[in-house]
Amino acid sequence: MGIHVIKMPDVGEGIAECEVVAWRVQPGDTVTEDQILADVMTDKATVEIPSPVHGTVMALGGKVGESLPVGGELIRLEIEGAGNLKAEAAKPAAAASAAPAPAADEPAELPHGFVPEPQRVAAGAASVQAPAASVPAPAAAGGGSSVGGSPASRSRTAGGSSGNGATSRAIFRDPNEKPLAAPAVRKRAWDMGIELQYVAGSGPAGQITHADLDAYVSGRKQGHAGHGGADERYAELHGEEAVPLIGLRRKIAEKMQLSKRQIPHFTYVEEVDVTELEALRAQLNARYGEQRGKLTLLPLLMRAVVLAIRKFPEVNARFDDQAGIVTRYQPVHLGIATQTDAGLMVPVIRNAEARDPWSSAKEILRLAYAARNGKAARDELSGSTITITSLGPLGGIVSTPVINHPEVAIVGVNRILDRPVVKNGGLVPRKLMNLSSSFDHRVIDGMVAAEFIQTVRGYLETPATLFVE
Amino acid sequence: MTMETTLLIIGGGPGGYVAAIRAGQLGIKTVLVEGEQLGGTCLNVGCIPSKALIHAAEEFHKAGQYAAVGANESPLGIRAAAPTIDIGRTVAWKEGIVKRLTGGVGALLKKNGVQVVRGWARILDGKTVEVMGAEAGKTGAANDAGGQTTRIRCEHLLLATGSEAVELPFLPFGGNVVSATEALSPETLPEHLVVVGAGYIGLELGTAYRKLGARVTVVEAAGRVLPAYDDELARPVAARLKALGVDLHLESSVLGLSEDGKGVRMKNAGGEEVTIAADRVLVAVGRRPRTTGFGLESLMLDMNGRAVRIDNQCRTSMRNVWAIGDLTGEPMLAHRAMAQGEMVAEIISGKRRHFMPAAIPAVCFTDPEVVVVGLTPQEAAKQGLDCISASFPYAANGRAMTIEATDGFVRVVARKDNHLIVGWQAVGSAVSELSTAFVQSIEMGAQLEDVGGTIHAHPTLGEAVQEAALRALGHALHI
């Protein structure tokens, strides 16, 4: 028997430490080669750390939410054979890290000291982590992926939207991937009026099971039905929950604070008549939708922004306020604010200037999928030079977007509404949409900001100019 | 005479008749128009008769083999006298099977309340079809249009007109130049049959004729036999053709008949023009959708090349006009048409259905047989799937040894990340029957571990299926 220490690997360029966002194993667990031990996060990308050996977990190098230095001890395993740690170093050194890593000779105590970790953060099922003290988890419930076993995971399911344990482990597919379901499940889904591509699969290899269909249906019903019994409706509630900011949530918080603290935002809202654009989009989709995929408004807006940037290169920039240098970029690396289960992410469409709307649409889809499943690479989540944010149908009428520091501009999209418009003395129905955009007022004057948005508006209102130059 | 119906089906092949039976079961008023015999190409001049002929040829060939080598050399110790064959009786036996099956189809249609109208349909518009009465003597059971014209109005029109053999302009059908249809009902055996095209039809029939005793030469433009299948699968077939004494001319193209009509002119791989003497020429260069001769043009449907374009519910570009089977293009397989027909009937009855099979198996009844289900390793790679694949040879299968069929293998293709099985390929004796296991595993979303962990009966050829899965997992037991 030997001891094998796995160190925090160097997962990204120039990163000194990584945050542990989830443990997939607990002390006492047996692990096999290639089994995932932990999810660690750098900047925004989550990386899974596999085990290179078979063995038994002796101790974890830290708590969830803790940052460990690259090269520091991540986990300690007991393995057959020699191991990679010298015998005399084994005992004292093990406790050296900040983690309450128990010594190897008291394995019976191990499970109690640790937070059960039922989540699979990398798979997108991010959730609230209860503080360790409040979870009286029995040792047996600490198993990495058990669902519904421990109080922690049960409360999570109850608070979630599905109400059924089956979906909590379900994984979402690549948008290009066909939903996987046995013929009887497929047929039943059709009979129930369910489109399989919206149903998450919990079976092996992400297969959709009969139980997943039931969960999907009960989830939908709950969404519509609202309240339970009459007694519960006006019951007083007394609980409270402390939610530690960990992982992506903490990064978002830091980033938002940085942006609002450093950047004096100038927000400008303008109304855009998208009647023609929507008509064009409908035509393009009818004609090319089948071969090239359907276009949403986003790729067309991206093109308008790219074209407007040619006239206003100052908005496609990053401002290093420490050095006092604004760097303007020729390529347009467009950040697309994307909601994921774990929180806001900004995947980046690189060289948006070199993409036609269909290519942009595909890239958006691909990146959104990657981001939502925790599979986006680090360089797909950084390096944007300007950002677009859209809440889709929830776009509201006005928003005040927060600039993606250190960029200098962000363009926000609001909802499209059919509105009566006075034209030639009469009322005509038009489709109107607001653009709510923010600029770093230190380096972008209000006039430039307004002219930039007016140029974008010009392209959107005369959509032919998006294609003809 | 005018009739009204809910569903009108043109074509009584596997697509059309299955749609009609299912529609009948669902209580939809259904009329089916068929100009020839029920059962279409499949039952009359395709799948079924060719398999009968292949079986007869194999039996005859086996007997001949025992006679040729004698008991001392026959490993099984069988002694037999030289066999003879009465090809007329063989064909009559085959016709008997066809008749039983087509008669069965007629009975099933009747049982389910489908009205069969004999005659040739002509589409007037998307809701009206005229049926010209069938010729005398070609009548079947009920409702013969009997030489008159019947006009049928319908709510739903289902096109299931199938496909026809492609004719070469420089080698038109007629006389000694035949399609598979004629080749399945020979009055006599040719001395030397030239088969144009080494696809599955050409090879199935060419092999059967060779086993029946004819000299057979196969001419193929591509560089190998079964060009639509991967090389590894085609290789055992090519080896068997060689062993049977079939002459293969690859990378060669046929130019036409010689002037006296007693030979085929072709340009061989070296570019020389040569003439091969032949008293019969089978042209088997493919099939194309049957889109002409019944007024289809008048609907001006969107096409997909030569085929009618459909969506995943078999809807054409015209509302309530549906199309299924070979008419809608590749893969031209009876079982695809049947599944589509069943689905269309269910959609018309108000159910929500889509044609979204995980896989459609394709089988060549060559010697040895070839099966392809789902993705080959090459196709998987092309789709950007990271896959593992493994094959298990028949040579390591006990059952294969006991039936003298050690040529061939079973290959599985599965995703590397989750071991989901995405494809199976096999070549070997009776692999057509293994196709059931293959396609079922894919439809059920089986992983390698599922197949590897299922107890397969011993001793069977099916053990090769389990072993292929185990081998992909790195722990095959018997190799």
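The values are calculated or read from the model by the stated rules, or taken from the named source; none is laboratory data. Keep in mind that what you see is a predicted model, and the values were worked out from it rather than measured. A quick note on method: Cβ atoms are made from the backbone with ideal geometry, for glycine too, and the neighbour counts reach across all protein chains shown.
In the stretch B:152-161, is there at least one residue being in contact with a Ser or Thr (Cβ under 8 Å, 6 or more places away or on another chain), at negative phi and modelled with pLDDT under 95?
Within the stretch B:152-161, none of the residues are in contact with a Ser or Thr (Cβ under 8 Å, 6 or more places away or on another chain), at negative phi and modelled with pLDDT under 95.
Among residues belonging to the stretch B:314-359 that are more than 14 Å from chain A (Cβ to nearest Cβ) and of a type in the set (Lys, Arg), point out the one that is farthest from A:Pro183 (Cα to Cα).
B:Arg319
Checking A:Met58 against (1) at pLDDT 50 or above; (2) closer than 22 Å to A:Val243 by Cβ, which test does it fail?
(2)
Only one of B:Lys110, B:Lys62, B:Lys51 is more than 23 Å from the chain's Cα centre (by Cα), of a type in the set (D, E, K, R), outside any strand (DSSP E or B) and not assigned by TED's automatic domain parsing to the domain that holds B:Ala160. Can you tell me which?
Result of the check over B:Lys110, B:Lys62, B:Lys51: B:Lys62.
Of the residues A:Ala282, A:Ala253, A:Ala308, A:Ala304, only one is closer than 25 Å to A:Leu432 by Cα, without any contact (Cβ under 8 Å) to a residue 40 or more places away in the chain and not in a loop (DSSP other than H, G, I, E, B); which?
A:Ala282
Matching residues to (1) more than 20 Å from A:Glu177 (Cα to Cα); (2) buried (at least 19 other Cβ atoms within 10 Å of the Cβ); (3) touching a Ser or Thr at 6+ places or on another chain (Cβ under 6 Å); (4) within 14 Å of another protein chain (Cβ to nearest Cβ):
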{"residue": "B:Pro377", "(1), (2), (3), (4)": "no, yes, yes, no"}
{"residue": "B:Gln383", "(1), (2), (3), (4)": "no, no, no, yes"}
{"residue": "B:Gly398", "(1), (2), (3), (4)": "yes, no, no, no"}
{"residue": "B:Asp407", "(1), (2), (3), (4)": "yes, yes, no, no"}
{"residue": "B:Arg411", "(1), (2), (3), (4)": "yes, yes, yes, no"}
{"residue": "B:Ser441", "(1), (2), (3), (4)": "no, yes, no, yes"}
{"residue": "B:Gly474", "(1), (2), (3), (4)": "yes, no, no, yes"}
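Which condition breaks for A:Ala370 when tested against (1) part of a strand (DSSP E or B); (2) free of Cβ contacts under 8 Å to residues at least 40 places away in the same chain; (3) farther than 30 Å from A:Gln262 by Cα?
Just one mismatch for A:Ala370, condition (1).
Conditions (1) at pLDDT below 95; (2) over 18 Å from B:Lys62 (Cα atoms); (3) among the polar types (S, T, N, Q), marked per residue:
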{"residue": "B:His192", "(1), (2), (3)": "no, yes, no"}
{"residue": "B:Val195", "(1), (2), (3)": "no, yes, no"}
{"residue": "B:Ala198", "(1), (2), (3)": "no, yes, no"}
{"residue": "B:Glu204", "(1), (2), (3)": "no, no, no"}
{"residue": "B:Arg210", "(1), (2), (3)": "no, no, no"}
{"residue": "B:Gly223", "(1), (2), (3)": "yes, yes, no"}
{"residue": "B:Pro227", "(1), (2), (3)": "yes, yes, no"}
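Among the strands (runs of 3 or more DSSP E) lying completely within the stretch B:217-275, list those that include at least 2 residues that are touching a Phe, Trp or Tyr at 6+ places or on another chain (Cβ under 7 Å).
It comes to B:253-257.
A:Thr327 fails exactly one of the following numbered conditions: (1) free of Cβ contacts under 8 Å to residues at least 12 places away in the same chain; (2) surrounded by 14 or more Cβ atoms within 10 Å (Cβ to Cβ); (3) part of a strand (DSSP E or B). What is the number of that condition?
(2)
Modelled with pLDDT under 95, over 30 Å from B:Ile403 (Cα atoms) and assigned to a loop (DSSP other than H, G, I, E, B) - does that describe any residue in the stretch B:320-329?
For the stretch B:320-329, residues modelled with pLDDT under 95, over 30 Å from B:Ile403 (Cα atoms) and assigned to a loop (DSSP other than H, G, I, E, B): absent.
Could we say that B:Ala214 is small (Gly, Ala, Ser), over 20 Å from B:Glu369 (Cα atoms) and at pLDDT 95 or above here?
On the way: small (Gly, Ala, Ser): yes; over 20 Å from B:Glu369 (Cα atoms): yes; at pLDDT 95 or above: yes.
Yes, satisfied.
So B:Gln25 fits all but one of (1) surrounded by 19 or more Cβ atoms within 10 Å (Cβ to Cβ); (2) within 30 Å of B:Phe355 (Cα to Cα); what number is the exception?
(1)
Being surrounded by fewer than 22 Cβ atoms within 10 Å (Cβ to Cβ) and facing another protein chain (nearest Cβ under 10 Å) is the filter here; which residues of the stretch B:421-431 pass it? I'd like the intermediate steps shown before the answer.
Filtering the stretch B:421-431 for residues surrounded by fewer than 22 Cβ atoms within 10 Å (Cβ to Cβ) gives B:429-430.
Result: no residue meets the conditions.
Restricting to the stretch A:195-208, and then to whatever is more than 9 Å from every other protein chain (Cβ to nearest Cβ) and not small (Gly, Ala, Ser), can you tell me which residue is nearest to B:His354 (Cα to Cα)?
Per the stated criteria, the residue is A:Glu195.
Taking the options B:Gly147, B:Gly140, B:Gly133, name whichever one is modelled with pLDDT under 95 and touching a Leu at 6+ places or on another chain (Cβ under 8 Å).
B:Gly140
Go through (1) modelled with pLDDT of 95 or more; (2) within 23 Å of A:Trp190 (Cβ to Cβ) and name the single condition B:Arg352 misses.
(1)
Would you mind stating whether B:Leu434 is modelled with pLDDT of 95 or more, more than 15 Å from B:His335 (Cβ to Cβ) and within 14 Å of chain A (Cβ to nearest Cβ)?
no
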